[in-house]
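Note sheet for the following structure.
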Amino acid sequence: MSAFPVLHHHLLFLRPRLHVSLRPLSPRLLRRRLLFSAASAQCFSSSSSFSSTAPRDDIDEVAEPPGFPPPPESGRETQQLIDVNPPRGTRDFPPEDMRLRNWLFQQFREVSRILSFEEVDFPVLESEALFIRKAGEEITQQLYNFEDKGGRRVVLRPEITPSLARLVIKQGKSVSLPLKWFTIGQCWRYERMTRGRRREHYQWNMDMIGVPRVRAEAELVNAIVLLFERLGITSSDVGIRVSSRKVLQAVLQMYAIPECLFAEVCVIVDKLGKITKEEVEKELMSAGVTSEAVKGIVEVLSLASLDKLEAVLGADVEAIADLKKLFSLAEHYGYSQWITFDASVVRGLAYYTGIVFEAFDREGKLRAICGGGRYDQLLSTFGSDDIPACGFGFGDAVIVELLKEKGLLPDLGRQVDDIVFPLDEELEGQASMVASALRRKGHSVDLVEDKRLKWVFKHAERVNASRLILVGNSEWQRGMVRVKVLSTREEYETKIDELS
């Protein structure tokens, strides 16, 4: 190999000093100078040489004498640090938040398993047509919708029920009814943010398809109560308001209001509490509801007793029979103290047709925790035959706020079964062997190297490790490792093949 490149370097480095105009070195140039100095020292102390193919960027840059043009800039612009926050209304999930999310999702899944529901899933990206309806729902104004590169109108789903309906239609007669499905999925809505309300959230949905009787609603309310109880929430913390869309339907029939206005009236009435009563009345009249009917609707919505509702509508109204059945079943299930009748509950989605319900914190600090109801006519809006159905959606954001409020968030520190640590560098391979054997047995193992033993002990405390397994020379030669049980400080040696 030619030594010319090395000679070239030294000639360049040792050329006569001339009068120069020095410029401050950039960090890049300073780094190159340091690299060159180290390389030069290596050349003087050994017979090795630079490769003749070494790039010119590895050669030190020196100031040129007057008359020489400055070296050209690299063309690389200094990049500013990007905004490290996620888009407004969205969240990151670092490990501690991910542990909480996984724990909550596990509670959702366990309750679903207890009630014998099967898990399903759907794409977050759906056809826009699934969610475009004409009832004036607020949700249709909050869509993250766009045209994809194939010219198709798509949307990040704002809720999950239409996706479920699509899958039921797709499955057709290949599945037997009833279906008991649940899912945990992310939903997107471009809405005003408040406590417990973001522009994305995860939602637990449970749905029963093919059950026409009130038994389905009773089962779903039972699931919600079971979850609250698992989380440590009591009926003094949370209540579940119950009503029926058929109540409003009966009122509209009393005043001969056209059936075609029903869904729109429900959407408007759901705004009570969000806007003033006067504004709600104005919107109802703008929709074509007579002033007399508006007065009747407002009076019925103020009723908080099923007996009083029966006195107004009559005992033969279907809504009364359904609600009485639900309250009777609640006694048998053992959750009657959780539910209360409230005629003002109608829910804001147009497709609900019967009993509706929503959970709320009794102190009134938060928005609805969850909500749902019966939607017997949703499938026909997508061109299929109707099938009786009901379900609920339970978001992750509000329940976490409530758990914080009540001091019920669990302590979910990181947990590791074993930490394996080689006491000597040459035992890295043996430590890897021990870690691999334990992992095959299902242990969570953190293999630590290149650290002081003091740091390893502190690390074990941070990750709540159960054991520290030390791989040392003398023990290994005897086919042993040293085990420290960190909770009891017990210490012993064990054979490698007996480590479990």
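The values are calculated or read from the model by the stated rules, or taken from the named source; none is laboratory data. A quick note: this is a predicted structure, and the numbers were derived from the prediction, not measured. Cβ atoms come from the backbone with ideal geometry, glycine included; neighbour counts cover every protein chain shown. Remember, those area values only see protein heavy atoms, side chains included, never the ligands or the DNA or RNA. Shrake-Rupley method; radii C 1.70, N 1.55, O 1.52, S 1.80 Å.
One residue stands out in region 474-497 among those that are over 41 Å from the mean Cα position of the chain (by Cα) and assigned to a loop (DSSP other than H, G, I, E, B): the one that is nearest to residue 414 (Cα to Cα), namely 479. When the criteria are applied in full, residue 500 meets the requirement of being part of a loop (DSSP other than H, G, I, E, B) and within 27 Å of residue 99 (Cα to Cα). Of the set (1) open to solvent by 60 Å² or more (accessible area, probe 1.4 Å); (2) not in a helix (DSSP H, G or I), all apply to residue 308 but (2). Regarding residue 111, is this residue within 21 Å of residue 402 (Cα to Cα) and of a type outside the set (S, T, N, Q)? Criteria met by residue 111.
For region 436-453, the count of residues that are over 37 Å from the mean Cα position of the chain (by Cα) and part of a loop (DSSP other than H, G, I, E, B) is at least one.
Among the numbered conditions (1) at pLDDT 90 or above; (2) in contact with a Lys or Arg (Cβ under 8 Å, 6 or more places away or on another chain); (3) crowded, with 20+ Cβ neighbours inside 10 Å, the only one that residue 323 does not meet is (2). As for region 328-344, it holds at least one residue that is more than 24 Å from residue 250 (Cβ to Cβ) and part of a loop (DSSP other than H, G, I, E, B).
Inspect all residues belonging to region 117-128 and state whether any of them is closer than 29 Å to residue 262 by Cβ and either polar (S, T, N, Q) or open to solvent by 20 Å² or more (accessible area, probe 1.4 Å) (or both). Yes, region 117-128 contains at least one residue that is closer than 29 Å to residue 262 by Cβ and either polar (S, T, N, Q) or open to solvent by 20 Å² or more (accessible area, probe 1.4 Å) (or both).
Looking at region 328-347, which of the residues that are in contact (Cβ under 8 Å) with a residue 60 or more places away in the chain and out of contact with any helix residue (DSSP H, G or I) (no Cβ under 6 Å at 6 or more places or on another chain) is most open to solvent (accessible area, probe 1.4 Å)? Checked region 328-347; the qualifying residue most open to solvent (accessible area, probe 1.4 Å) is 337.
Counted as qualifying within region 182-279 are the helices (runs of 4 or more DSSP H) with 3 or more residues that are open to solvent by 30 Å² or more (accessible area, probe 1.4 Å) and over 20 Å from residue 389 (Cα atoms), namely 215-231.
Can you name every residue in region 170-181 that is in contact (Cβ under 8 Å) with a residue 40 or more places away in the chain and part of a loop (DSSP other than H, G, I, E, B)? Hit for region 170-181 is 177, nothing else. Contact annotation: residue pairs with Cβ atoms under 6 Å, 6 or more positions apart or on different chains, pairing a residue in region 107-121 that is at negative phi with a partner that is assigned to a helix (DSSP H, G or I), are 107/230; 111/223; 111/226; 111/227; 115/223. Any residue that is open to solvent by 10 Å² or more (accessible area, probe 1.4 Å), modelled with pLDDT under 90 and at positive phi - is there at least one of those in region 130-138? Checking region 130-138: at least one residue is open to solvent by 10 Å² or more (accessible area, probe 1.4 Å), modelled with pLDDT under 90 and at positive phi. Kindly indicate which of 385, 450, 424, 446 is among the acidic types (Asp, Glu) and either within 30 Å of residue 240 (Cα to Cα) or touching a helix residue (DSSP H, G or I) at 6+ places or on another chain (Cβ under 6 Å) (or both). After ruling out the rest, the residue left standing is 424. Restricting attention to region 457-473 and to residues that are surrounded by fewer than 20 Cβ atoms within 10 Å (Cβ to Cβ) and touching a residue at least 12 places away in the same chain (Cβ under 8 Å), the residue that is nearest to the chain's Cα centre (by Cα) turns out to be 463. Selection of region 289-304 for residues being in a loop (DSSP other than H, G, I, E, B) and not small (Gly, Ala, Ser) yields 289, 290, 303. I'd like to check something: does region 286-302 contain any residue that is without any contact (Cβ under 8 Å) to a residue 12 or more places away in the chain and among the polar types (S, T, N, Q)? Yes - at least one qualifying residue is present in region 286-302. Scanning region 178-199 for residues that are modelled with pLDDT under 95 and either more than 20 Å from the chain's Cα centre (by Cα) or under 26 Å from residue 364 (Cβ atoms) (or both) gives 189, 191, 192, 193, 194, 195, 196, 197, 198, 199.
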